[in-house]
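Contents: one structure, followed by commentary.
The values are calculated or read from the model by the stated rules, or taken from the named source; none is laboratory data. As the structure is a prediction and not an experimental result, all values here were calculated from the model. Every residue, glycine among them, receives a Cβ derived from its backbone with ideal geometry; neighbour counts consider all protein chains shown.
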Amino acid sequence: MGFKNIRQKVNSWGILSFIFELLIVLPCIFILLHLLDKPNENWYHIKNYLLKDYIIGTLKVVLFTGIFTMTIGITLAWLIAAYEFPFRKFFKWALILPLTIPPYIAAYTYNGIFNYTGIVQRFFRETIRITPDPKAFDIMSIKGAVFIFSVFLFPYVYMISRSFLEKQSAALIENARLLGRSSSSIFIHVILPISRGAIVGGTSLAILEVLNDFGVVSYFGVQTFTTAIFNAWFSMGDSSTAVKLASMLMVTVFLVLMSEKWLRGRKKYSYTTAKVRGIIPIELKGIKAAGAFLYCFIILSLGFIIPLLQLISWGTLTYKTIFNIKLIGLIFNSIWLSAISAVVIIIIAIVISNFCRMNSNWISKVFSKISILGYSIPGAVIAIGVILLMISLDRNMVWLYKVIDPNSKTLVLSTSIFMLIFAYIIRFLAIGYQSIETGFDKIGIKFFEASRTLGYGVTKSFFKVDLPMIKPALISGFALVFVDIVKELPLTLILRPFNFNTLATKTYEYAGDEKIHEAAIPALIIILVSMIVVFLLYKFGDKEKR
């Protein structure tokens, strides 16, 4: 009777969860429904002459980025987890910092560094007195895009793999050494197999970020599905063709996720004893210590130090003209938009995760999967689905608008900031949901059951008992969502209201107009916000462990 009573009481949580989940999947449903639209001339033109280039370009960028992020991430994770060398503790958290620089900002920065007037070619001309071939330094290509993605997205693999390796039993490595295995052999035959799940998980996140990107591929002129969707929507004004391309990109994402499941396989590695000693780092000396330090420093320099210093240098040239009331407006727009969206996302995540926690059935499992669906769908696809949904709602609600205001526009939702916030919720709910779910996993359900035994209702138990206990998860979830929205470009570019800009869109506009120096200041503010949040979360997580 007790469990029946609980289920009856949580109906309101279930109803709210169902409504939120339905809102998440509606844009995808609208995309699938519009697939039935009759193809037009633009679609036939793209299909016959451009589609092959889009497919090849997307596959090349995804494949090589996956290989390089995997290689850089796991090698750095193994170095930090297993060895002691100069500045290891600094590199342990500093190697996360490349994630604070959005890839599109990195693309603008590195192009500025390597182009004809950049610091590299000027060094050759003015210092060494050699005039290099400009083509040799041209990074605006698929190779350049792969370089940018690899150097700035490897922390996904690094963070997950390092966390996994640090929890592994030292006995695995010690036994391998007793059997005569060298360090390289242990890495290849022991570490890589047991870390497969972590490596594949981190790499898949990096690949999903690549599929979501518009800024890098657009600026470098690389033909991918994302640029095709933008071109069809903005240049051709053809929603039908954009929908068809978006659906193909959805299929690509689905294949990536299925590949992840297959690559993870069914192999699982667990402890055979309760007495587990974590890996104790071995101290490196001499050339090995220098090599480990140099490798970490080079990667950190490429992914953070060099672009940051270049942006600061450009910022000193333009800050007097850029620091004005318009910049303050951009900062205000970015902060309030990100804060409101993050708060709404955390509230929705709390409702759904609490419902799933109290109901261990197939419905809760479906809700859990849907909640993390949005993060795997590229922003351009979500944007198309949201636009189609909002336009449809506007058409069916014109009568209501006229009742409220006879002079009302016919398009209200589809031209408002609400549409952008709605898209953010779909895209970033997964981040908030996973943070809250982790918080609930830590506290379990025993305290909730004890509260119910003492006579508290379900909702009162949640607010009095559960909510205070998951405060760390709330803070980390809000911070992560906030930073991701501040950096978000594709969704904001497509869905923002007329004449509405954020730091991200203004940075993109400056770079697109070849005003790369002016782009430095808004870019630096984005990076600064991201750095502060990443550092505080690292410190907060470290404190929680202690």
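General observations
- Lone qualifier among G303, G374 - being modelled with pLDDT under 80, surrounded by 20 or more Cβ atoms within 10 Å (Cβ to Cβ) and not aliphatic (A, V, I, L, M): G374
- Among the residues of the range 82-109, those that are in contact with a Ser or Thr (Cβ under 8 Å, 6 or more places away or on another chain) and assigned to a helix (DSSP H, G or I) comprise L99, T100, Y104, I105, Y108.
- In summary, I352 fulfils each of the numbered conditions (1) aliphatic (A, V, I, L, M); (2) closer than 21 Å to S476 by Cβ; (3) surrounded by fewer than 14 Cβ atoms within 10 Å (Cβ to Cβ) with the single exception of condition (3).
Each row is one residue, and each column tells you yes or no for (1) at pLDDT 80 or above; (2) crowded, with 17+ Cβ neighbours inside 10 Å; (3) within 25 Å of T502 (Cα to Cα).
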site: L245; (1), (2), (3): yes, yes, no
site: V251; (1), (2), (3): no, no, no
site: R264; (1), (2), (3): no, no, no
site: R277; (1), (2), (3): no, no, no
site: L284; (1), (2), (3): yes, yes, no
site: I299; (1), (2), (3): yes, yes, no
site: W314; (1), (2), (3): yes, yes, yes
site: F323; (1), (2), (3): yes, no, yes
site: I328; (1), (2), (3): yes, no, yes
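- Subset tally (residues that are more than 30 Å from N501 (Cβ to Cβ) and either touching a residue at least 12 places away in the same chain (Cβ under 8 Å) or part of a helix (DSSP H, G or I) (or both)) for the range 331-366: 15
- Scanning the range 387-409 for residues that are hydroxyl-bearing (S, T, Y) and not in a helix (DSSP H, G or I) yields one hit, S408.
- Residue pairs whose Cβ atoms lie under 8 Å apart, sitting 6 or more positions apart in sequence or on different chains, and linking a residue in the range 423-434 that is more than 13 Å from L373 (Cβ to Cβ) and in contact (Cβ under 8 Å) with a residue 24 or more places away in the chain to a partner that is of a type in the set (V, I, T) and surrounded by 24 or more Cβ atoms within 10 Å (Cβ to Cβ), are A423/I382; A423/V386; Y424/I345; Y424/I485; G432/I345; G432/V481.
- Residues satisfying the stated conditions in the range 208-241, i.e. touching a Gly at 6+ places or on another chain (Cβ under 7 Å) and either over 22 Å from I105 (Cβ atoms) or part of a helix (DSSP H, G or I) (or both): N212, F220
- Only one of the listed residues (A94, A82, A136) is more than 17 Å from F152 (Cβ to Cβ) and touching a Leu at 6+ places or on another chain (Cβ under 8 Å). That residue is A82.
- Check on K369, free of Cβ contacts under 8 Å to residues at least 24 places away in the same chain, assigned to a helix (DSSP H, G or I), touching a Cys at 6+ places or on another chain (Cβ under 9 Å) and of a type outside the set (S, T, N, Q): no
Residue-wise test of (1) polar (S, T, N, Q); (2) over 30 Å from K515 (Cβ atoms).
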| position | (1), (2) |
| --- | --- |
| L311 | no, no |
| T321 | yes, no |
| I331 | no, no |
| I335 | no, no |
| I350 | no, yes |
| N359 | yes, yes |
| Y375 | no, yes |
| L393 | no, yes |
| D405 | no, yes |
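- Counting only helices (runs of 4 or more DSSP H) that sit wholly inside the range 440-546, those with at least 3 residues that are at pLDDT below 75 and surrounded by fewer than 16 Cβ atoms within 10 Å (Cβ to Cβ) are 446-453, 516-545.
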